[in-house]
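The values are calculated or read from the model by the stated rules, or taken from the named source; none is laboratory data. What you see is a predicted model, and the numbers here were worked out from it, not measured in a lab. Positions of Cβ are backbone-derived with ideal geometry, glycine not excepted, and every protein chain shown enters the neighbour counts.
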Amino acid sequence: MARIDLVDLAHSYDGGNADPSSFALKPTSMTWRQGGAYALLGPSGCGKTTLLNIISGIVKPSRGKVLFDGRDVMALTTQQRNIAQVFQFPVIYDTMTVGENLAFPLKNRGVGRAEIDARVHEIAKLLDLVPQLDRKASRLTADAKQKISLGRGLVRADVAAVLFDEPLTVIDPALKWELRSKLKVLHRALDLTMIYVTHDQTEALTFADTVVVMHEGSVVQTGTPEELFLRPDHTFVGYFIGSPGMNVLPAEVEGRQARIAGHELSLARSYGGLPPGARIEVGIRPEFVSLAAAAPGLLAARIERIDDLGRSRFAHVRVGDLKIAARVPRGLSLGGNEAGLIFEPAHIHVYADQRRVEGAA
Amino acid sequence: MEKIPNQKAWLLVLPVFAIVAFSAVIPLMTVVNYSVQDTFGNNKFFWNGVGWYQELLDPSTELGGRFFASLWRNLAFSGAVLAIQIPLGIIVALAMPREGWGVAFSLVVLALPLLIPWNVVGTIWQIFGRSDIGLMGWGLNRLGFDYNYVANPIDAWLTIIIMDVWHWSSLVALLCYAGLKSIPEAYYQAASIDGASRWAVFTAIQLPKMRHVLVIAILLRFMDSFMIYTEPFVVTGGGPGNSTTFLSIELVKLALGQFDLGKAAAMSIVYMLIIIIVCWVFFTVMTNAGADRKGAGGER
């Protein structure tokens with residue numbers, strides 16, 4: 001039960017004097033609100049596990065500090081920080097039963113027998129582990145073992161936060177859905193702060209209220225799933241979230257006009273003071289580019305392939321050297337490979353050196 | 001479908017049969033042959049049936065008395081050795097560094113005693129313990145202890161047990177260290193998050209994960225200590241009196257000292273059966289206890 005503040009946190013596994021660009025975690029400041037459901041999303045090696053381990057105290061950061069409810073916890077051990085953490089692979093105590101496994105964190109903290117029993121039963125019920133409570137944990141399947149690990153993370157009511165480090169990696173897909181929605185239910189029922197690390201956007205977007213996207217050691221955007229989708233602050237967010245990812249195209253931008261591959265596009269907002277010398281790109285999600293029959297005034301494209309995702313179809317087209325993904329409207333039929341592209345101006349974003357530039361109305 | 005007979009497999013199997021026959025079956029049958037006959041030399045044999053076995057297993061006879069006395073001595077020795085070396089090996093393994101230059105250093109230091117030939121180990125301790133010129137024996141006497149392994153059975157036992165601990169605890173430690181190294185870091189992290197004490201980490205994580213290597217360590221140390229010959233032979237020669245005469249020393253006395261080949265052969269067979277049965281029972285019990293764990297299919 002705590003608000004967690006990260007203040008100028010940075011970490012390098014080679015020590016604090018290493019080259020700053022090689023840091024596993026670049027200087028980061030952030031606040032995690034009590035009771036929030038957060039996801040830390042990013043590809044492997046982007047520093048998300050490092051960040052998690054710093055919060056729990058497994059890793060000592062090279063710089064900066066972590067505050068729980070305003071109190072500096074840097075000198076505290078993992079135990080004293082009162083954090084729960086669930087790891088990527090199931091960790092179970094082989095010699096104990098399922099019930100003893102769930103009770104272990106409580107027993108170590110000297111909680112009373114009656115309270116342990118009540119709490120273990122509550123968690124076991126939420127995770128459907130009641131029938132297995134008296135079985136040896138080592139005899140269960142990997143799925144069930146990971147449920148035990150989750151249960152041990154959730155069993156303490158008074159933890160500052162529960163940290164999940166890609167907890168569903170070993171779970172098979174059908175159960176993944178179930179467990180994820182269960183976590184969501186648990187989050188509401190238990191009023192715990194949960195931080196969920198994953199490289200899977202679906203997992204992040206379905207679990208969290210707030211998604212924190214990390215890239216090469218820094219946080220590139222924090223926001224709701226909708227914000228990440230509609231207004232990616234960084235070209236990486238656009239590319240990493242969404243399937244297919246955002247089209248990022250080199251462009252020249254002047255005021256309300258953008259020029260892509262020699263084609264003029266009008267923008268919804270005006271971009272006056274773009275930093276000189278910066279790499280200017282425009283980004284637009286494939287959902288907001290639609291394919292049409294080739295016509296004068298439309299950006300001419302050659303279709304390379306069409307992916308049918310069931311609910312929608314996306315065309316991968318080529319404009320000169322540029323590759324663009326575009327939505328194929330229902331009922332559109334084209335004669336040959338030639339087509340035109342229609343862009344929705346409101347959803348075109350302008351990026352300078354990969355960062356989104358806010359346009360003027 | 002008709003199977004096509006292919007006799008080529010015999011070519012692959014026969015060499016193995018031949019090797020096993022010459023290395024194990026034929027020598028063993030020779031011993032069996034001796035154990036049911038009596039011989040007075042000149043290659044003359046007289047059928048004795050199970051006579052030697054009856055005598056051997058009857059503690060009231062001279063042969064049976066000697067056999068059981070050395071058997072109990074040997075069991076006591078193996079028990080003492082296991083009781084010291086297994087806990088000591090675990091403690092040493094837990095204390096060993098996990099990374100850095102200390103790893104290689106401690107591995108080399110631990111491996112050193114294992115590389116020394118048995119009779120050299122015996123000689124080292126024989127001299128080390130001598131009360132006139134040995135550093136340990138002389139030192140203990142100078143400190144006021146009346147230590148003399150040549151005359152005092154307790155001193156002789158202590159010397160041999162300490163020697164064996166010195167020689168073989170490293171093996172247990174190295175095996176346990178390998179077991180400890182295989183525990184993923186996440187287990188320790190989870191334990192610290194779960195608030196486990198050092199003792200709880202040991203009993204809930206480290207000991208269960210070392211189980212398999214401990215089974216092997218106990219088996220190896222039991223067999224080795226139950227068959228010990230060279231070191232006590234070099235240090236005490238089985239004495240003082242018969243106090244350190246273990247089974248194999250007794251056997252050699254019988255076979256080569258007295259040339260009682262029939263009795264010695266019967267004793268060899270019983271000796272071998274004891275070792276096989278103890279190891280089989282122990283191994284079966286331990287692997288059965290572990291087998292149903294693997295049956296769940298969830299073992300990572």
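Of all residues in region A:124-142, those that are away from every other protein chain (no Cβ under 14 Å) and closer than 24 Å to A:HIS187 by Cβ have Cβ atoms under 8 Å from Cβ atoms of residues that are of a type outside the set (Gly, Ala, Ser) and in a loop (DSSP other than H, G, I, E, B), 6 or more apart or on another chain, in A:ALA124/A:LEU133. Residues in region A:137-150 that are over 14 Å from A:ASP165 (Cα atoms) and surrounded by 21 or more Cβ atoms within 10 Å (Cβ to Cβ): A:ALA137, A:SER138, A:LEU140, A:ALA144, A:LYS145, A:ILE148.
Close contacts from region A:57-69, counting a first residue that is surrounded by fewer than 20 Cβ atoms within 10 Å (Cβ to Cβ) and a second that is among the basic types (Lys, Arg) and part of a loop (DSSP other than H, G, I, E, B), with Cβ to Cβ under 7 Å and a gap of 6+ residues or different chains, come to A:ASP69/A:ARG3. Based on this model, can you work out whether A:ILE116 counts as of a type in the set (A, V, I, L, M) and either more than 12 Å from every other protein chain (Cβ to nearest Cβ) or surrounded by fewer than 19 Cβ atoms within 10 Å (Cβ to Cβ) (or both)? For A:ILE116, the condition - of a type in the set (A, V, I, L, M) and either more than 12 Å from every other protein chain (Cβ to nearest Cβ) or surrounded by fewer than 19 Cβ atoms within 10 Å (Cβ to Cβ) (or both) - is met. Within the span defined as region A:335-347, one or more residues are in a loop (DSSP other than H, G, I, E, B), out of contact with any Asp or Glu (no Cβ under 9 Å at 6 or more places or on another chain) and over 26 Å from A:GLN221 (Cα atoms).
Report those helices (runs of 4 or more DSSP H) wholly inside region A:164-238 carrying at least 3 residues which are over 24 Å from A:ALA84 (Cβ atoms). Before the answer, list the steps.
Values: elements: A:173-190, A:201-207, A:225-230.
Passing ranges, in order: A:225-230.
Considered as a group, the residues in region A:59-88 that are in contact with a strand residue (DSSP E or B) (Cβ under 8 Å, 6 or more places away or on another chain), part of a loop (DSSP other than H, G, I, E, B) and small (Gly, Ala, Ser) include one that is nearest to the other protein chains (Cβ to nearest Cβ), and that residue is A:SER62. Checked against (1) at pLDDT 85 or above; (2) farther than 27 Å from A:GLU203 by Cα; (3) surrounded by fewer than 20 Cβ atoms within 10 Å (Cβ to Cβ), A:PHE104 passes all but condition (3).
What about B:SER170, is it within 14 Å of another protein chain (Cβ to nearest Cβ) and either surrounded by fewer than 21 Cβ atoms within 10 Å (Cβ to Cβ) or in contact (Cβ under 8 Å) with a residue 60 or more places away in the chain (or both)? Considered against the rule, which asks whether it is within 14 Å of another protein chain (Cβ to nearest Cβ) and either surrounded by fewer than 21 Cβ atoms within 10 Å (Cβ to Cβ) or in contact (Cβ under 8 Å) with a residue 60 or more places away in the chain (or both), B:SER170 comes out as no. Note on region A:324-359: residues that are more than 30 Å from A:GLY273 (Cα to Cα), touching a residue at least 40 places away in the same chain (Cβ under 8 Å) and among the hydroxyl-bearing types (Ser, Thr, Tyr) amount to 0. Going by what's in this entry, would B:GLY262 be described as more than 29 Å from A:LEU154 (Cβ to Cβ), of a type outside the set (Lys, Arg), at pLDDT below 85 and not in a helix (DSSP H, G or I)? Taking the combined requirement at face value, the residue does not satisfy it. Residues that are within 12 Å of another protein chain (Cβ to nearest Cβ) and either in contact (Cβ under 8 Å) with a residue 60 or more places away in the chain or crowded, with 22+ Cβ neighbours inside 10 Å (or both) within region A:89-101 comprise A:PHE89, A:PRO90, A:VAL91, A:ILE92, A:TYR93, A:ASN101, listed in sequence order.
Going residue by residue through region A:211-218, is there one that turns out to be of a type in the set (Gly, Ala, Ser), assigned by TED's automatic domain parsing to the domain that holds A:LEU322 and more than 21 Å from A:PRO286 (Cβ to Cβ)?
No, region A:211-218 has no match at all.
In region B:111-129, is there at least one residue being out of contact with any helix residue (DSSP H, G or I) (no Cβ under 6 Å at 6 or more places or on another chain), in a helix (DSSP H, G or I) and within 14 Å of chain A (Cβ to nearest Cβ)? Checking region B:111-129: not a single residue is out of contact with any helix residue (DSSP H, G or I) (no Cβ under 6 Å at 6 or more places or on another chain), in a helix (DSSP H, G or I) and within 14 Å of chain A (Cβ to nearest Cβ). In summary, B:ARG142 fulfils each of the numbered conditions (1) farther than 27 Å from B:PHE202 by Cα; (2) at pLDDT 90 or above with the single exception of condition (2). Condition first: of a type outside the set (Asp, Glu), outside the structural domain of A:GLY336 (by TED's automatic domain parsing), closer than 18 Å to A:ALA326 by Cβ and in contact with a strand residue (DSSP E or B) (Cβ under 8 Å, 6 or more places away or on another chain). Can you find one or more residues in region A:226-233 that meet it? Scanning region A:226-233 turns up at least one residue that is of a type outside the set (Asp, Glu), outside the structural domain of A:GLY336 (by TED's automatic domain parsing), closer than 18 Å to A:ALA326 by Cβ and in contact with a strand residue (DSSP E or B) (Cβ under 8 Å, 6 or more places away or on another chain). Within region A:310-334, the set of residues being in a strand (DSSP E or B) and aliphatic (A, V, I, L, M) comprises A:ALA315, A:VAL317, A:VAL319, A:LEU322, A:ILE324, A:ALA325, A:ALA326, A:VAL328.
Looking at B:MET1, B:MET29, B:MET96, just one residue is aliphatic (A, V, I, L, M) and modelled with pLDDT under 80, and that residue is B:MET1.
Looking only at region B:200-221, decide whether some residue is among the basic types (Lys, Arg), more than 30 Å from A:ILE54 (Cβ to Cβ), in contact with a helix residue (DSSP H, G or I) (Cβ under 8 Å, 6 or more places away or on another chain) and surrounded by 18 or more Cβ atoms within 10 Å (Cβ to Cβ). Give the derivation first.
So the first thing to find is which residues in region B:200-221 are among the basic types (Lys, Arg), and the list is B:209, B:211, B:221.
Applying the additional criterion that residues be more than 30 Å from A:ILE54 (Cβ to Cβ) yields B:211, B:221.
Imposing the further condition that a residue be in contact with a helix residue (DSSP H, G or I) (Cβ under 8 Å, 6 or more places away or on another chain) reduces the set to B:211, B:221.
Checking which are surrounded by 18 or more Cβ atoms within 10 Å (Cβ to Cβ) leaves us with B:221.
Scanning region B:200-221, I find at least one residue that is among the basic types (Lys, Arg), more than 30 Å from A:ILE54 (Cβ to Cβ), in contact with a helix residue (DSSP H, G or I) (Cβ under 8 Å, 6 or more places away or on another chain) and surrounded by 18 or more Cβ atoms within 10 Å (Cβ to Cβ), so the answer is yes.
The single condition among (1) at the interface with another protein chain (Cβ under 10 Å from one of its Cβ atoms); (2) crowded, with 16+ Cβ neighbours inside 10 Å that A:GLY35 does not meet is (1).
Could you tell me how many of the residues in region B:29-43 are in a helix (DSSP H, G or I) and among the small types (Gly, Ala, Ser)?
From region B:29-43, those in a helix (DSSP H, G or I) are B:29-35; that's our starting set.
Cutting the leftovers down to among the small types (Gly, Ala, Ser) gives us B:35.
Looking only at that region, the number is 1.
Scanning for something more than 23 Å from B:ILE160 (Cα to Cα) and in contact with a Lys or Arg (Cβ under 8 Å, 6 or more places away or on another chain), does region B:194-208 turn up at least one residue? Yes, region B:194-208 contains a residue that is more than 23 Å from B:ILE160 (Cα to Cα) and in contact with a Lys or Arg (Cβ under 8 Å, 6 or more places away or on another chain).
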